[in-house]
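In what follows, a single structure is set out as structure tokens and then discussed.
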Amino acid sequence: MLYTILVILLVITSLGIIASVLLQSGRSAGLSGAIAGASEQVFGKRRGLDQFLAKVTVAFGIVFAMVALAITVVEAR
């Protein structure tokens, strides 16, 4: 029962990671995008939605890792 719940949670978090990464704006849209992307990394300029999606992606990644470890522990029993 617990294993099934954890697997469902893992699938949901993986879909969340995929969605949040795909919704982020591209960093390299040709040569001008490569230059602008480099300046954003140096100066730390990000738009509001991109910053929010970056934080959401990190949160989903942390939850994904924790659930994956929990599945390993539950399965080892």
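Coordinate-derived values only; no laboratory data. Only a predicted model underlies this, so the values are computations on that prediction, with no experimental measurement involved. Cβ atoms come from the backbone with ideal geometry, glycine included; neighbour counts cover every protein chain shown.
Distance between the 7 Å Cα→Cβ label points at SER14 and GLU75: 1.1 nm. Fully extending the segment from TYR3 to LEU49 would add 13.1 nm, taking 0.36 nm per residue of separation and subtracting the current Cα-Cα distance.
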